[in-house]
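What follows is one structure encoded as structure tokens, with my remarks underneath.
Read the figures in this text as sums done on the coordinates, not as results from a lab. What you see is a predicted model, and the numbers here were worked out from it, not measured in a lab. Methodologically, a virtual Cβ is constructed for each residue, glycine included, from the backbone with ideal geometry; neighbour enumeration extends over all protein chains shown.
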Amino acid sequence: KKSVRDVEVNGKRVFVRVDFNVPLEDGKITDDTRIRETLPTINYLIEHGAKVILASHMGRPKGEVVESMRLTPAAERLSELLGKPVAKADEAVGDAVKAQVEKLNNGDVLLLENVRFYPGEEKNDPELAKQFAELADLFVNDAFGAAHRAHASTEGIAHYLPAVSGLLMEKELSVLGKALSNPERPFTAIIGGSKVKDKIDVIDNLLNIADNVLIGGGLSYTFMKAQGYEIGLSLCDNEKLDVALGFIQKAKDLGKNFLLPVDIVIADDFSANANVDIVEVGNIPEKWEGVDIGPKTRAKYAEIIKNSKLVVWNGPMGVFEIDPFSNGTREVAEACAQTEGYTIIGGGDSAAAAEKFHLADKMDHISTGGGASLEFMEGKALPGVVALNDK
Ligand code: 3PG
């Protein structure tokens, strides 16, 4: 696939899809990682004399204008980070936007309004895709975080313009692609999170590729119940008990090391004031629930992580947002930070955990994708990537 480096951009109008879907609290950005990660592409385009037209979604406004989901705070933050003005459009298509694009000089930057204010965006309406395409001479997709969505500004537009990847997209695809296609071994995958059903495909695919698969978080109780252990009030996907048993069998058949928690932190309430105890697997009392992996499990997982050449981590080991339930996730994050092996954090909650424990800069790669990195690790093709072409 071509990247922005492989095409002429000087004097061209370049429509760059970014993922500025950043967390906001009271209108203020609480984590600007996704904006900072697009700076290499934007600076490259500025330095090479392009007219830069940025487009992104924010939240899920469902095709309507939602004031709190405007991209104005993102434009302001980007302007600070670039050290130059960033014009902000109040719409994403139409005559006013066309006029603003017309006025751009080489090296200028314009951020369009939230593309999800238009019903055609998520429907991947060709009419909207054409309207986006009319604004520009070239499409650059740098929105790895939205690459699993086949929307007008991620997929549709690529059918009407020459379409190449941006530098963040290129980096994400190369790091994740190399890791999974030709992994250094031992390769350890750590899978957590709350629901088995969200992680079935990723566990399945990583069981094929990795040497060790370590399971934690809410989804581990389904595995325990499937094996006949008492789990009290712990989370459980009762429809997925067979799937869980299937994975245990698959691991045996493939000779893979598939580890489940051997001890568990339990609580009698889902709050920081709860009574907390530690029990061996199978010993969760009726009115209690599992909230974290226990100390023996943590030590075992940490040892495996430290002896790995490649570690891919997706999903927390417990309810890390609540301090007394956060030790398992923290110790896994610490082991990832300490290992000599290459560590990839698969976006979303695990990235937030690494951030919370101030370990983010010790990881080799933290993906800007949540759903996108998950689908990539499931071995699925991402529509926003497939659509890139050499036209
Ligand atoms: C994300 O935050 O994972 C991406 O921005 C995609 O957002 P979406 O799940 O609303 O499509």
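Quick notes
- Inspection of the range 57-67 identifies no residue that is touching a residue at least 40 places away in the same chain (Cβ under 8 Å), more than 16 Å from the ligand (Cβ to nearest atom), under 25 Å from Ala163 (Cβ atoms) and among the hydrophobic types (A, V, I, L, M, F, W, C).
- Residue list for the range 180-229, filter: part of a helix (DSSP H, G or I) and of a type in the set (Lys, Arg): Lys197, Lys199, Lys225
Condition check ((1) over 24 Å from Ser350 (Cα atoms); (2) out of contact with any Asp or Glu (no Cβ under 8 Å at 6 or more places or on another chain); (3) surrounded by 24 or more Cβ atoms within 10 Å (Cβ to Cβ)) across all residues:
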| residue | (1), (2), (3) |
| --- | --- |
| Asn141 | yes, yes, yes |
| Ala152 | yes, no, yes |
| Lys178 | no, yes, no |
| Ala189 | no, yes, yes |
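Listed here are the residues, each with its yes/no results for (1) more than 16 Å from the ligand (Cβ to nearest atom); (2) part of a helix (DSSP H, G or I).
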position	(1), (2)
Asp349	no, yes
Asp361	yes, yes
Gly369	no, no
Ala372	no, yes
Glu375	no, yes
Gly379	yes, no
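- With respect to (1) without any contact (Cβ under 8 Å) to a residue 40 or more places away in the chain; (2) in a loop (DSSP other than H, G, I, E, B), the lone exception for Leu161 is condition (1).
- The residues of the range 319-347 that are of a type in the set (A, V, I, L, M, F, W, C) and either outside any helix (DSSP H, G or I) or touching a helix residue (DSSP H, G or I) at 6+ places or on another chain (Cβ under 8 Å) (or both), listed by number, are Val319, Phe320, Ile322, Val332, Ala333, Ala335, Cys336, Ala337, Ile344, Ile345.
- On the stretch given as the range 269-287, residues that are out of contact with any strand residue (DSSP E or B) (no Cβ under 8 Å at 6 or more places or on another chain) and either surrounded by 15 or more Cβ atoms within 10 Å (Cβ to Cβ) or in contact (Cβ under 8 Å) with a residue 12 or more places away in the chain (or both) total 6.
- For the range 350-391, filtering for residues that are over 20 Å from Asn21 (Cβ atoms) and acidic (Asp, Glu) leaves 4.
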